[in-house]
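The structure appears below as C-alpha cells.
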Amino acid sequence: MSASRPLTLRINGRDYGPLEVPEEMMLIDVLHEYLGLTGTRFGCGQGECRACTVIVDDARGPREMRSCITGAHYFQGKPIRTVEGHARRDDAGAIVALSPVQQAFLDHFSFQCGYCTPGFVNAATVLLERLKKAPVARARLEDTITAALDPHLCRCTGYVRYYQAVKALALATPGLVEEDAP
Ligand code: FES
Ligand code: FES
C-alpha cells in the first residue's frame, strides 16, 4: 500500500481538504471516492478517450488535463473546474442556468448516452475561452474546432453535432471569430 500525504484541492471555486490521499492516486479517484464529484467520467483509464478531462486554471491555463492518468497531488495549488462547475446555481445549489456550451449541446442534440459529454463540455469551454483571448479567422474556425475536439472520443459517434454546436456558439458569441476580409 502506498503512503498517503495531505492534499488540498480547489475545485469549482471551493476548497476541499486537507485530505489524506495515497500518493499514487489519480485525480479521478479522489473526485469520485473522496469528494462525491462523479460527473467526471472514467472511460478508458489510459489517457485515450478524454472522458475524464478537467480544466486546470493555473498560470498556463485554462487547459485540459486527463484526470485518469494524472496524480491527484499534481493539482495541489492548481484550481480545477469539473463539469459540476459549469452551470449557474442558486444559494441552495440548484441549477438555474446551464453554461452556454452545455445549452448549445442540448439545443443541437449533440449527445446520445452522454458519457463523453463532460469531457466535450470542458474541451469546448477551454476552446471558447482561448478564442476570447485570441480570435480566429472565420476561414480557420472549422479546423480550429476540429483540432480542439478531435482527441475526444464518443462511442455513440455523435461527433458532428458537437462540432456544429461549438461552431454555432462561436459564431454567435461576439469577439471570437474575425470575419474574413472581403
Ligand atoms: S478515462 Fe481518461 S482518457 Fe479515457
Ligand atoms: S454520447 Fe455516448 S459516448 Fe458520446
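Take every pair of alpha-carbon atoms less than 8 Å apart whose residues are at least six positions apart; their mean separation over the length of the chain yields a relative contact order of 21 percent. FRET efficiency for the pair A137 and A59, taken as 1/(1 + (r/R0)^6) with r the Cβ-Cβ distance and R0 = 25 Å, rounds to 0.35. Other residues within the sphere of radius under 13 Å centred on the Cβ of M65, judged by their own Cβ, net out at +3 (K and R +1, D and E -1).
Each principal axis of the Cα cloud of region 1-102 was evaluated for its coordinate range; sorted largest first, these ranges are 43, 30, 27 Å. Only DSSP H runs of four or more residues enter the estimate; each adds -39500 (n - 2.57), and after division by the residues of the chain the mean residue ellipticity at 222 nm equals -8000 deg cm²/dmol.
The charge dipole of region 1-94, taken about its Cα centre with unit charges on the Cβ atoms of Lys, Arg (+1), Asp and Glu (-1) only, comes to about 340 debye. Using Cα pairs closer than 8 Å and at least 6 residues apart in sequence, work out the relative contact order for region 4-85, in percent. Worked out over region 4-85, it gives 37 percent.
Percent of Cα pairs in region 88-178 per distance bin of 10 Å, from zero to the largest separation: 17, 49, 28, 7, 0. Projecting the Cα atoms of H108, M25, T157 onto the charge dipole of the chain, computed from C-beta unit charges around the Cα centre, puts H108 farthest toward the positive end. Would you work out which of V136, A148, V54 lies farthest towards the positive end of the dipole of the chain? Charges go on Cβ: Lys and Arg +1, Asp and Glu -1. Comparing the listed Cα positions along the dipole, V136 ranks first.
Remark: the chain carries a charge dipole of roughly 200 debye about the Cα centre, counting +1 on each Lys and Arg Cβ and -1 on each Asp and Glu Cβ. Here the chain is treated as a sphere whose radius is the Kirkwood value from Cα pairs; by Stokes-Einstein at 37 °C and 0.692 mPa s it diffuses with a coefficient of 191 µm²/s. Counting Lys and Arg as +1 and Asp and Glu as -1 over every other residue whose Cβ lies under 12 Å from the Cβ of P22, the net charge comes to -4. Site pair Q164 and Q112 shows an inter-label distance of 1.5 nm when each label is modelled 7 Å from Cα along Cα→Cβ. Per-residue extension of 0.36 nm, minus the Cα-Cα distance of V96 and A3, leaves a gain of 29.3 nm for this segment. If you take the beta carbon distance between D150 and R89 as r and set R0 to 30 Å, what does 1/(1 + (r/R0)^6) give as a FRET efficiency, to the nearest 0.05? The calculated FRET efficiency here is 0.45.
Read the figures in this text as sums done on the coordinates, not as results from a lab. Because the structure is a prediction, the values reported are computed rather than measured. As a convention, Cβ positions derive from the backbone with ideal geometry for all residues, glycine included, and neighbour counts pool all protein chains shown.
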